[in-house]
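The values are calculated or read from the model by the stated rules, or taken from the named source; none is laboratory data. Everything quoted here is computed from the prediction, not taken from an experiment. Cβ: placed from backbone, ideal geometry, glycine included. Neighbour counts: every protein chain shown. Remember, those area values only see protein heavy atoms, side chains included, never the ligands or the DNA or RNA. Shrake-Rupley method; radii C 1.70, N 1.55, O 1.52, S 1.80 Å.
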Amino acid sequence: MDVKSIAMGLVFAFVWSSAFTSARVIVEYAPPMWSLVFRFLASGLLGIVIARALGESARLSRRQWQAVIVFGICQNALYLGLNFIAMQTIEASLAAIIASTMPLIVGLIGWIVLRDRIGVLGVAGLLAGFGGVTLIMGARLGGGIDLVAVMLCVIAVVSLAVATLTVRGASSGGNVMMIVGLQMLVGSAALLVPAAIFEPLSITMSWQLVVAFAYTTLFPGLGATWIWFLLVGRIGAVRAATFHFLNPFFGVAVAAVLLGEALGAMDIIGVLIVAAGILAVQLSKQKPTVT
């Protein structure tokens, strides 16, 4: 893995993880689903404009279109939609920790359903990762958390795992920025009807909302997704996913610094265990290089 790939992975992990903090700010001032409808619409249109400026085409292969639709629904509408709803009542750091288990869920599905061989290291990583989450959840339960919101986050991360399993189809064949823009529009369209039915369009304007919305739209929404697809195309999905082990660190750290969210000893220990588990699972999938 070269220096450029490492830099891309670090930037992706940080920006992706920071989205939970900006989302927590957004839902303080605006309804979650309507926020995402407008965010995905803005990101999608901007992404398509950039794609056209780069000479990219909307003529995608059938597999790419299928992946765009699945990714738009699973990652954008379900994963982000459920997380935004949940973060009305739970902290950004907790949502980030649950979301960071995505590589563990992908590894578990691959091992049990797809019969992938992950070896002793992979199994140990799965046990450690889910054990770390259990440790954090046990400590948080004592402080009283919204269990419904936690379940929404769990459903969300499973949806993200499904989206991740389709990323190979979306990243092959070029037109990366066009794919990013189109899957954003899919997410916007998917959330439009439930937002209109279940949420009043009531927004409290503030500079915090404007800054958080602009940041989320441009960086986690457009930039991080674009970097992810480029990284997968550069080093492959398995190696790219290794950088997810940094998500618990970055997610908790950004929320603590910007939102002042408190961290207990069990949170810190749990985050370290989860990160180690994710790293072990991803390393177990990598084939040894032949010299």
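Among residues that are free of Cβ contacts under 8 Å to residues at least 24 places away in the same chain and either open to solvent by less than 50 Å² (accessible area, probe 1.4 Å) or within 19 Å of the chain's Cα centre (by Cα) (or both), residue 108 is included.
Comparison of 162, 123 shows that the only residue that is touching a Cys at 6+ places or on another chain (Cβ under 8 Å), open to solvent by 30 Å² or more (accessible area, probe 1.4 Å) and modelled with pLDDT of 75 or more is 162. Can you pull out the residues in the stretch 111-120 that are at negative phi and either outside any helix (DSSP H, G or I) or buried (at least 17 other Cβ atoms within 10 Å of the Cβ) (or both)? If the condition is that a residue be at negative phi and either outside any helix (DSSP H, G or I) or buried (at least 17 other Cβ atoms within 10 Å of the Cβ) (or both), then 111, 113, 114, 116, 117, 118 are the ones that fit. Within the stretch 52-94, how many residues are open to solvent by less than 10 Å² (accessible area, probe 1.4 Å) and farther than 19 Å from residue 195 by Cβ? The total comes to 8. The residues listed here are 201, 263, 209; of these, the one that is of a type outside the set (Phe, Trp, Tyr), more than 16 Å from the chain's Cα centre (by Cα), over 27 Å from residue 134 (Cβ atoms) and part of a loop (DSSP other than H, G, I, E, B) is 201.
Within the stretch 192-225, can you find the residues that are touching a Pro at 6+ places or on another chain (Cβ under 9 Å) and surrounded by 13 or more Cβ atoms within 10 Å (Cβ to Cβ)? Residues satisfying the conditions are 195, 199, 203. Can you tell me which residue is surrounded by the most Cβ atoms within 10 Å (Cβ to Cβ) among those in the stretch 137-148 that are of a type outside the set (A, V, I, L, M, F, W, C) and over 18 Å from residue 251 (Cα atoms)? Filtering the stretch 137-148 for residues that are of a type outside the set (A, V, I, L, M, F, W, C) and over 18 Å from residue 251 (Cα atoms), the one surrounded by the most Cβ atoms within 10 Å (Cβ to Cβ) comes out as 146. Looking only at residues that are among the small types (Gly, Ala, Ser) and touching a residue at least 60 places away in the same chain (Cβ under 8 Å) in the stretch 254-264, which one is nearest to residue 125 (Cα to Cα)? Per the stated criteria, the residue is 264. Every test in (1) modelled with pLDDT of 80 or more; (2) over 20 Å from the mean Cα position of the chain (by Cα) is passed by residue 144 save one, and that test is (1). For the stretch 126-136, filtering for residues that are surrounded by fewer than 16 Cβ atoms within 10 Å (Cβ to Cβ) and under 11 Å from residue 278 (Cα atoms) leaves 1.
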